[in-house]
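Trainee: One structure, pasted below without further comment.
Read-outs throughout are calculated quantities, based only on the coordinates presented, and are distinct from any laboratory measurement. Values in this document were obtained by computation on a predicted structure and should not be read as measured data. Note that we place each Cβ from the backbone using ideal geometry, even for glycine, and neighbour counts take in every protein chain shown.
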């Protein structure tokens, strides 16, 4: 499926060596996550670099392609649902950010004042789990619908019911 992302993409190219499609998706993920320097009040710059987002998008593609039923590989250019690709990439990014927060977590106390640094890992992981669960459910629904559509055309994924029940030919 082709998507026109020209409305959300500007003149910037996050990764010059990446395809135009990947750069469009990177910008879309950044916009969705509101990861812009002017919106990040507690950190300087962006939390996720374009390369980290590209990695999350590739991870989302791999997740989709390695989830049964296997009905052929999809790419950025023919991914069946932009919403699903976005949710899978965001789940991966949130998991990665949560790992960084957990690794850098530090609580210290001085003069009766307790301060905690990088203490958002639990909250981020719960968000990541929510995104992952909804993406897994949507992946199952989309793959099921595509498989049924392909089966109606005679090209769907093999089912064990074929072996059990045999071929159904009307009139025999």
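Trainee: Please give the contour-minus-distance gain from residue 77 to residue 122: 0.36 nm per residue of separation, less the Cα-Cα distance, rounded to one decimal in nm. Mind showing how you got there, number by number?
Mentor: Working: separation 45, 0.36 × 45 = 16.20 nm, distance 3.47 nm.
Answer, rounded to one decimal: 12.7 nm.
Trainee: Also: Could you give log10 I(q)/I(0) at q = 0.19, 0.21 Å⁻¹ for region 29-134, computed by the Debye formula over C-alpha point scatterers of equal weight, without solvent?
Mentor: Those come out to -1.01, -1.15, one per q.
Trainee: Shifting gears a bit: Could you check the simple spin-label distance between residue 13 and residue 36, using points 7 Å along Cα→Cβ, in nm with one decimal?
Mentor: Output for this residue pair reads 2.3 nm.
Trainee: For residue 137 and residue 100, what does the FRET efficiency come to when R0 = 30 Å and r is the distance between their Cβ atoms, rounded to the nearest 0.05? Don't skip to the answer; put the middle values down first.
Mentor: On the way: r = 27 Å, r/R0 = 0.90.
Approximately 0.65, to the nearest 0.05.
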